[in-house]
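A.B. asks: Attaching a single structure in structure tokens format; questions to follow.
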Amino acid sequence: MATVQQHIRALDDLLDDRVDRAVLTSHQAHMQARIFNEGRNSQGNRIGEYSEGYQRTRRKKNYPTSNKVILQATGQLVNDYSLIQVSNAEYGIGFKNSQNGLKRKALERRYGKIFRPTKQELRQLEKLYSEAVRRYIR
């Protein structure tokens with residue numbers, strides 16, 4: 001089975017960036033829901049759990065009372081997590097604000113891989129590209 005990267009390289013000559021943007025925007029929405037709503041890491045497990053002390057702080061600030069880590073206290077990360085243009089014809093998913101990029105690194109040092117796609121998300125990305133190619137060549 002070809003990897004997602006192999007599919008993308010093969011399609012680069014055939015497809016324009018509109019397809020990349022459409023597919024990656026959909027992919028970004030799935031990853032955003034996993035990370036910031038479900039509180040799951042790149043392995044599909046919980047990112048972590050808030051301590052009792054931090055949960056009390058969250059309640060005082062009227063944040064959700066769940067103990068699962070969802071990385072939404074200020075809303076900065078979730079609001080900045082988006083499709084970014086890496087070069088003329090390349091796109092990625094990440095943070096536009098460099099400070100949020102630094103936060104991402106610190107969070108992954110603390111909790112492990114969070115912002116990389118899960119195996120299921122990679123399969124979904126491959127499926128989205130396959131569907132886009134079929135629509136494009138029709």
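Each value in this text was obtained by applying a stated rule to the coordinates, not by laboratory testing. Because the structure is predicted, anything quoted here is derived from the model rather than measured. Glycine gets a Cβ as well: all are built from the backbone with ideal geometry, and neighbour counts include every protein chain shown.
A.B. asks: For segment 69-88, does any single residue satisfy the condition of being small (Gly, Ala, Ser), out of contact with any helix residue (DSSP H, G or I) (no Cβ under 7 Å at 6 or more places or on another chain), in contact (Cβ under 8 Å) with a residue 24 or more places away in the chain and surrounded by fewer than 16 Cβ atoms within 10 Å (Cβ to Cβ)?
C.D. replies: Within segment 69-88, not a single residue is small (Gly, Ala, Ser), out of contact with any helix residue (DSSP H, G or I) (no Cβ under 7 Å at 6 or more places or on another chain), in contact (Cβ under 8 Å) with a residue 24 or more places away in the chain and surrounded by fewer than 16 Cβ atoms within 10 Å (Cβ to Cβ).
A.B. asks: Let me ask something else. Yes or no: segment 35-42 includes at least one residue that is in contact (Cβ under 8 Å) with a residue 24 or more places away in the chain, under 22 Å from Leu102 (Cα atoms) and of a type in the set (A, V, I, L, M).
C.D. replies: yes
A.B. asks: For the subset of segment 75-113 comprising residues that are touching an Asp or Glu at 6+ places or on another chain (Cβ under 9 Å) and among the aromatic types (Phe, Trp, Tyr), which member is nearest to Met31 (Cα to Cα)?
C.D. replies: Once the filter is applied, the top-ranked residue is Phe95.
A.B. asks: Do any helices (runs of 4 or more DSSP H) lying entirely in segment 20-126 carry at least 2 residues that are small (Gly, Ala, Ser), and which ones are they?
C.D. replies: Helices (runs of 4 or more DSSP H) meeting the threshold: 98-111.
A.B. asks: Name the single residue, out of those in segment 114-138 being surrounded by 11 or more Cβ atoms within 10 Å (Cβ to Cβ) and charged (D, E, K, R), that is farthest from Asp20 (Cα to Cα). Reasoning before the result, please.
C.D. replies: Quick first cut of segment 114-138, residues surrounded by 11 or more Cβ atoms within 10 Å (Cβ to Cβ) only: 114-118, 120-133, 136.
Checking the rest, the ones that are also charged (D, E, K, R) come to 116, 121, 123, 126-127, 131.
On the way: Arg116: 18, Glu121: 16, Arg123: 16, Glu126: 12, Lys127: 13, Glu131: 12 Å.
Once the filter is applied, the top-ranked residue is Arg116.
A.B. asks: Are any residues in segment 60-108 in contact with a Phe, Trp or Tyr (Cβ under 8 Å, 6 or more places away or on another chain), closer than 15 Å to Gly39 by Cβ and of a type in the set (Val, Ile, Thr), and if so, which ones?
C.D. replies: Within segment 60-108, Val69, Ile70, Val78 meet the criteria.
A.B. asks: Take the residues in segment 56-68 that are surrounded by fewer than 11 Cβ atoms within 10 Å (Cβ to Cβ) and among the polar types (S, T, N, Q), then tell me which one is nearest to Arg46 (Cα to Cα).
C.D. replies: So the residue we want is Thr65.
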